[in-house]
Amino acid sequence: MSWYPVPIPSQAGRSVLVTGANAGLGFFTSARLARAGAHVTLSGRSAERLAAAVAAIRARMPRADVDSLVIDTSSLESVRVGAERLLDRAPLDAVVLNAGMVHTPAARLESVDGNELVLATNVLGHFALLAHVLPHLATGARLVTIGSLSTRLSTFRVDDLQLQRSYDAWRAYAQSKIASTSIAFELDRRLRRAAVDGAEAVGAASAMPRVHSLVAHPGYSISGRTPRVPGVNEPTRLDRFADALQAPFAQGKHRGAEPIVHAVVADDVEGGQFWGPQYATKGPPRLAMPTRTSRDPRVGARVWAFAEQATGLVLDPARVGS
Ligand SMILES: NC(=O)c1ccc[n+]([C@@H]2O[C@H](COP(=O)([O-])OP(=O)(O)OC[C@H]3O[C@@H](n4cnc5c(N)ncnc54)[C@H](OP(=O)(O)O)[C@@H]3O)[C@@H](O)[C@H]2O)c1
C-alpha cells in the first residue's frame, strides 16, 4: 500500500495544545500542525525531552511557532499548574489528549494522588485538564481524544475502574482507552445538551455545540517504521529489523498521526465521531465505528461520575469559553 498524506489547509492563527508531545504520535501530530502554521504548545512531563522535541521541529522548520509546557498527566497538581499557565495564552482551538502509558507496569502502581497509575496518566489527568481549560477554548475548538483498537479486544469493568480486584498490564491499558473514549463521547453528548439548553434559554432556533469532542486512533503505529528524529525517535537496528517484520499490518507513527491531524483540521469532522486508519491498523484517515460500550450513554455517565469523584473536579460543559 502506498499513500502520502494530503496537504492540510493553513492553520495560521490557530492555537493547539498536544499532550505527550515530546515523542511518538504526539510529536508527529505537533510537527505536522506546526508546519501548517499553527501555534503548537507541546506538553510533556520532562522539560528536557520537550526541549529536544522543540529543537527537532525547529531544526526542520526554523520559523515554526512552537513552545513547550510541562504537564505530567499522572499528577493532578501538575495538570492544575500547567493549565493555569495556559490561561495567559491565546484561547485554544484544539486540544489533543494524547499522552499515555503504552508499556504499562506488570504490577498495579498508584499515582501521587492514589489512583491506579495507568488510569491516572491516560484518563484522569486529561479529564482534569479539560475541566481546567474548558473556559479557555475558542468557539469551534476541537477536543481530540486518542482512542485505540484495544477497546475492541477487552471487556470493560466499570465497577473496578481502579483495578483493585483485577489488575493486569494489558487490562490496565485497554481499560484506560475504553474509559477515555467513553468520556470523550459523553462530553460530546453533554456539549450538545448544553447547546440545546443555551438556545432554548434565549429562544434561538439553532443549537450548535460551541466546541466538539471526538476520538481518533492511530491503528498500529510503531517506532521502527518511523523516521529517525534525533532526540525524539532513535530506534536501534534491532528495533528496525523487528518492526520491519510487522510492515504488512503496521505503520510509522508519522503515519499514525494522520487520523489525529485530520480530526484537528478537516472540514468533514464533527463531535462524537471516531476517526482511524482506512485499513484498521494502517492507512489514510477514514471514519470508523467505535465499540458499543464506548458509545453507551449509561457507561459514559458512570465513567464521568467516577472521574469527577477521583479528580475532585467538575467538568461543566456550560462553562465553555466562559
Ligand atoms: N502507537 C500505537 O499503535 C497506538 C495505538 C493506539 C493508541 N495509541 C495511543 O496513542 C498515544 C501515544 O502513543 P505513542 O505510540 O505515541 O506512545 P509513545 O511513543 O510511548 O509516546 C507517549 C507519549 O506520552 C507521554 N507520557 C507518558 N506518560 C506521561 C505522563 N505521565 N505525563 C505526560 N506525558 C506522558 C510520553 O512522554 P515520556 O517520553 O516522558 O514518557 C510520550 O511523549 C497514547 O495515548 C496511546 O495509548 C497508540
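In the stretch 1-33, of all residues being over 18 Å from Ala263 (Cβ atoms) and near the ligand (Cβ under 10 Å from one of its atoms), the one that is surrounded by the most Cβ atoms within 10 Å (Cβ to Cβ) corresponds to Asn22.
Residue under question is Gly276, and the condition is that it be at pLDDT 95 or above, buried (at least 16 other Cβ atoms within 10 Å of the Cβ) and over 25 Å from Ala207 (Cα atoms); does it hold? Yes, satisfied. A search for C-beta distances below 8 Å between a residue of the stretch 166-186 that is on the phi > 0 side of the Ramachandran plot and any residue that is among the acidic types (Asp, Glu) and buried (at least 24 other Cβ atoms within 10 Å of the Cβ), counting only pairs 6+ apart in sequence or on different chains, returns nothing. Checking each residue in the stretch 222-238 for being assigned to a helix (DSSP H, G or I) and within 12 Å of the ligand (Cβ to nearest atom) picks out Ser223, Gly224, Arg225.
Out of all the residues in the stretch 287-298, which are in a helix (DSSP H, G or I), open to solvent by 20 Å² or more (accessible area, probe 1.4 Å) and under 16 Å from Gly147 (Cα atoms)?
Restricting attention to the stretch 287-298, the residues satisfying the condition of being in a helix (DSSP H, G or I) are 292-295, 297-298.
Now restrict to residues that are open to solvent by 20 Å² or more (accessible area, probe 1.4 Å): 292-293, 295, 297-298.
Of everything in the stretch 287-298, those that are in a helix (DSSP H, G or I), open to solvent by 20 Å² or more (accessible area, probe 1.4 Å) and under 16 Å from Gly147 (Cα atoms) turn out to be Arg292, Thr293, Arg295.
It is to be established whether one or more residues within the stretch 208-221 are in a helix (DSSP H, G or I) and of a type in the set (Gly, Ala, Ser). No, the stretch 208-221 contains no residue that is in a helix (DSSP H, G or I) and of a type in the set (Gly, Ala, Ser). When Arg80 is tested against (1) assigned to a helix (DSSP H, G or I); (2) closer than 27 Å to His262 by Cβ; (3) in contact (Cβ under 8 Å) with a residue 12 or more places away in the chain; (4) more than 12 Å from the ligand (Cβ to nearest atom), only condition (2) is not met. Read through the list (1) on the phi < 0 side of the Ramachandran plot; (2) touching a Gly at 6+ places or on another chain (Cβ under 9 Å), then give the number of the only condition that Gly219 fails. With (1) on the phi < 0 side of the Ramachandran plot; (2) touching a Gly at 6+ places or on another chain (Cβ under 9 Å) applied to Gly219, the lone miss is (1).
Taking the stretch 34-50 as the range and being hydroxyl-bearing (Ser, Thr, Tyr) and more than 9 Å from the ligand (Cβ to nearest atom) as the test, only Thr41 passes.
Against the test of being among the hydrophobic types (A, V, I, L, M, F, W, C) and over 18 Å from the mean Cα position of the chain (by Cα), the options Phe249, Phe274 yield a single qualifying residue, Phe249. Can you pull out the residues in the stretch 110-165 that are part of a loop (DSSP other than H, G, I, E, B), on the phi < 0 side of the Ramachandran plot and surrounded by fewer than 19 Cβ atoms within 10 Å (Cβ to Cβ)? Across the stretch 110-165, the qualifying residues are Val112, Asp113, Leu153, Ser154, Thr155, Arg157, Gln162, Gln164, Arg165. Taking every residue in the stretch 287-301 that is within 16 Å of Arg152 (Cα to Cα) and pairing it with any residue that is assigned to a helix (DSSP H, G or I) and not polar (S, T, N, Q), at least 6 positions away or on another chain, the pairs with Cβ-Cβ distances below 7 Å are Thr291/Arg152; Thr293/Ile178; Thr293/Val299; Ser294/Ile178; Ser294/Phe185; Arg295/Phe185; Val299/Val158. Scanning the stretch 49-71 for residues that are in contact with a strand residue (DSSP E or B) (Cβ under 8 Å, 6 or more places away or on another chain) and open to solvent by 40 Å² or more (accessible area, probe 1.4 Å) returns Ala51, Arg58, Asp65, Asp67, Ser68, Val70.
The values are calculated or read from the model by the stated rules, or taken from the named source; none is laboratory data. Every value quoted in this text rests on a predicted model; they were computed, and no experiment measured them. Heads up, the Cβs are rebuilt from the backbone with ideal geometry, glycines too, and the neighbour counts pull from every protein chain shown. We work out accessible area using only protein heavy atoms, side chains counted, and drop any ligands, DNA or RNA first. Shrake-Rupley method; radii C 1.70, N 1.55, O 1.52, S 1.80 Å.
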